[in-house]
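Engineer: Sending over a structure as structure tokens; questions will come in a sec.
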Amino acid sequence: MDVYEAVTSRRAVRGFTDRPVPRETLERVLSAAAWAPSGSNLQPWHAYVLTGEPLADLKKRAGERLAAGDPWDEREYEMYPPELKTPYRERRSAFGQERYSALGVAREDWEARQRAAAENWQCFGAPAALFCYIDRYMGLPQWADVGMYLQSVMLLLRAEGLHSCPQMAWSVYRRTVAEVLSPPDGLVLFCGMSIGFEDVTVDYIRTGRAPLDETVTFVEGQPAGEAS
Ligand SMILES: Cc1cc2nc3c(=O)[nH]c(=O)nc-3n(C[C@H](O)[C@H](O)[C@H](O)COP(=O)(O)O)c2cc1C
């Protein structure tokens, strides 16, 4: 699979089969992803990979919390600015429409939307999950480094025939994740990531993207030395 195909075939998959993901595959992917760039090569990511019993335990604990109506853990970072302006507000609402119409859920059907969102905490059925932490004192550039690392992981998973879904949703159950992982003090959970083989029977609508000229500006000129 070439890089273009890996990039364009990656999408947030929200339905996985229970086919296990071999440990060797995950090691291969994570060893290669470690080559992601980072400012001054800090490599500020801390990844935990869960499969089998520990993942089942986490899903059970999260399910129990949800069933008990437990409030979410207090935020360690804001997922989005409190008020999104144009064009982000429209993009977010277009995403919501795509997501829920694929599920056949009406916009105003709050309960059905909640049920769909709850699948996050079952990792959409995935048999493997990655949880990515960053040291609390790191700054914006290091958070960007972590993003590059996670995208590398997701692209390499594609090369292995696997799919993924990055999930900030886990950050609101970060205490439950910590009960299972016991991460050292001083780390912030950025996100989880479901990993597995796609369940092709689950309907989805491919998310769109803004046209190139909305997000990219070319500032062109003659090659240096050729200007008249
Ligand atoms: C950092 C990050 C966090 C995300 N968190 C969630 C999440 O909690 N649950 C979910 O279903 N999708 C989540 N997504 C997936 C996005 O909704 C998805 O990437 C976006 O809508 C674009 O669609 P695509 O990835 O299928 O191309 C997240 C994506 C990123 C990059």
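Engineer: What FRET efficiency comes out for the pair THR8/ALA68, r = Cβ-Cβ distance, R0 = 35 Å, nearest 0.05?
Structural biologist: E(calc), rounded to 0.05, equals 0.30.
Engineer: OK, next. In degrees, nearest 10, range 0 to 90: what is the angle between the Cα axis of helix 140-159 and the longest Cα principal axis of the chain?
Structural biologist: Rounded to the nearest ten degrees, it is 80.
Engineer: Follow-up question, since we're still on this one. Once you place label points 7 Å from the Cα toward the Cβ at ALA178 and GLU98, how far apart are they in nm?
Structural biologist: About 3.5 nm, to one decimal.
Engineer: I need the calculated FRET efficiency for the pair ASP203 and ASP135, taking r as the beta carbon distance and R₀ as 45 Å, to the nearest 0.05.
Structural biologist: Once rounded, the FRET efficiency stands at 0.70.
Engineer: Which value in deg cm²/dmol, rounded to the nearest 500, describes the helix-derived mean residue ellipticity at 222 nm for the chain, given -39,500 (n - 2.57) per DSSP H run of n ≥ 4 and division by the residue count?
Structural biologist: The helix contribution divided over the chain gives -12000 deg cm²/dmol.
Engineer: Please compute the length gained on full extension between ALA34 and ASP213, using 0.36 nm multiplied by the number of residues separating them and subtracting their Cα-Cα distance.
Structural biologist: Answer, rounded to one decimal: 61.2 nm.
Engineer: So how strong a dipole does the chain carry about its Cα centre when Lys and Arg Cβ are +1 and Asp and Glu Cβ are -1, to the nearest 20 debye?
Structural biologist: 320 debye
Engineer: Which of the peptides 43-51, 24-32 is most tightly packed, and how do the rest follow, judged by the mean count of other Cβ atoms within 10 Å per residue?
Structural biologist: Those peptides, ordered most packed to least, come out 43-51, 24-32.
Engineer: Which ordering of CYS191, CYS132 is given by a fewest-first count of other beta-carbon atoms within 10 Å?
Structural biologist: Starting with the residue having the fewest Cβ neighbours, the order is CYS191, CYS132.
Engineer: How many Å³ per residue does the convex hull of the Cα positions in the chain occupy?
Structural biologist: For the chain, the hull spanned by Cα atoms encloses 176 Å³ per residue.
Engineer: Below 8 Å, C-alpha to C-alpha, sequence gap of six or more: please give me the relative contact order for segment 3-215 in percent.
Structural biologist: 41 percent
Engineer: In debye to the nearest 20, how big a dipole does segment 72-120 give about its Cα centre with +1 on each Lys and Arg Cβ and -1 on each Asp and Glu Cβ?
Structural biologist: Roughly 300 debye, rounded to the nearest 20.
Engineer: Ranked by Cβ crowding within 10 angstrom, fewest neighbours first, how are ILE134, ILE205 ordered?
Structural biologist: The fewest-first ordering by Cβ neighbours comes to ILE205, ILE134.
Engineer: Roughly how many nanometres apart are two label points built 7 Å out from the Cα toward the Cβ at GLN122 and TYR77?
Structural biologist: 2.9 nm
Engineer: Per residue of segment 27-36, in order, report the coupling 6.51 cos²θ - 1.76 cosθ + 1.60 (Karplus, θ = phi - 60°) as ³J(HN,Hα) in whole Hz, putting x for Gly and Pro.
Structural biologist: Each residue of segment 27-36 in turn: 5, 4, 4, 6, 5, 6, 4, 4, 7, 4 Hz.
A short reminder: the numbers here are calculations on the coordinates, not readings from a lab. All of these numbers come straight from a predicted model, not from anything done at the bench. Quick reminder, even Gly has a Cβ in these numbers, built from the backbone with ideal geometry, and neighbours come from all protein chains shown.
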